Amino acid sequence: MSTYMQMVSSQGCDASVLLESTEGNVAEKDAKPNKSLRGFGSVERVKAKLEAACPGVVSCADVLTLMSRDAVVLAKGPSWPVALGRRDGRVSSAAEASSQLPPASGDVPLLAKIFASKGLGLKDLVVLSGAHTLGTAHCPSFVDRLYNTTDGLVDPSLDSEYADKLRLKCRSVDDRAMLSEMDPGSFKTFDTSYYRHVAKRRGLFRSDAALLFDADTRDYVQRIATGKFDAEFFRDFSASMTKMGDVGVLTGTQGEIRKKCYALN
Ligand code: HEM
């Protein structure tokens, strides 16, 4: 379920990430950073029910935004009101997605720049990274921290005991089968333990670990990691998700309301 939160499109919140590639167009979903996205079938099933009950009214972009919120609620996280009326985009480009999605290897300056290009700030970055309290990742997303191919050293920002554990899971740099939780111990529950892992240098991606290197994001990580400010994090997360859900929204006569989420009308 949590995977819907990951379905952020480079076009903004217009469900372009759900479109299939066609002859002559490689869609976002086939861009390398999106290869691990899953759950498209569930979105299609929800949309089919809506179309049967009330055709041409609820866009795929609204469906995806609601499913993301509900995934968080089902995982015992916060809830927030979702304003509706988004329309679906007609453009989906793998090249654009590859160049605009934040890389797992990113440091705070790079991630902040990518977030800023969507109108999101440093606070949104450290708060929304908290979504990694849910879900799993494939070895290629972090294996470069475990086996440094150039000088034989592992990433010094990663706790060495934790690195040993991860190496047992990802046996080689080419391991594509194994999955690791970003928030081991409670990866199906939306809580603040992600921040406790990051604070102990056990963030899974470089992008998670990087939050400890910037003074502003470090303060937030350490504050939420205490476990005394869970309600504050829940409020912050709701606010940042609402903000992200407004990025690049199409309204009025822009775009369309797709009949099927995987194809243009
Ligand atoms: C700060 C920049 C971010 C980076 C660099 C990043 C990177 C990644 C990577 C590399 C994966 C694992 C892919 C794989 O190996 O299977 C992942 C998973 C995930 N991300 Fe992020 N992410 C970021 C921000 C976000 C945001 C803003 C959200 C939502 C609010 C989010 C939600 C998720 C979720 C829920 C998963 C797990 C999906 C699953 O279990 O299949 N991430 N992210």
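Data for the structure
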read-out	value
Of all residues making up region 104-117, the number that are open to solvent by 50 Å² or more (accessible area, probe 1.4 Å), within 10 Å of the ligand (Cβ to nearest atom) and in contact (Cβ under 8 Å) with a residue 40 or more places away in the chain	1
Flag for Leu250 being open to solvent by 20 Å² or more (accessible area, probe 1.4 Å) and either closer than 19 Å to Ala83 by Cβ or in contact (Cβ under 8 Å) with a residue 60 or more places away in the chain (or both)	yes
Selection within region 84-128 - in a strand (DSSP E or B) and not acidic (Asp, Glu)	Arg87
Hits in region 159-183 - residues which are within 15 Å of the ligand (Cβ to nearest atom) and crowded, with 16+ Cβ neighbours inside 10 Å	Leu166, Cys170, Ser180, Glu181, Met182, Asp183
Extreme residue, most open to solvent (accessible area, probe 1.4 Å), among residues of region 200-217 that are over 20 Å from the mean Cα position of the chain (by Cα) and more than 15 Å from the ligand (Cβ to nearest atom)	Lys200
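Every residue, every condition in (1) open to solvent by less than 10 Å² (accessible area, probe 1.4 Å); (2) away from the ligand (no atom under 14 Å from the Cβ); (3) among the small types (Gly, Ala, Ser), yes or no:
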| site | (1), (2), (3) |
| --- | --- |
| Ala61 | yes, yes, yes |
| Met67 | no, no, no |
| Gly89 | yes, yes, yes |
| Glu96 | no, yes, no |
| Gly121 | no, no, yes |
| Ser129 | no, no, yes |
| Ser141 | no, no, yes |
| Tyr147 | no, yes, no |
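The values are calculated or read from the model by the stated rules, or taken from the named source; none is laboratory data. Being a predicted model, the structure only gives us computed values, none of them experimental. All Cβ positions, glycine included, derive from the backbone under ideal geometry; neighbour counts span all protein chains shown. For the accessible areas, the whole protein counts, side chains as well, though only heavy atoms, and no ligand, DNA or RNA atoms are used. Shrake-Rupley method; radii C 1.70, N 1.55, O 1.52, S 1.80 Å.
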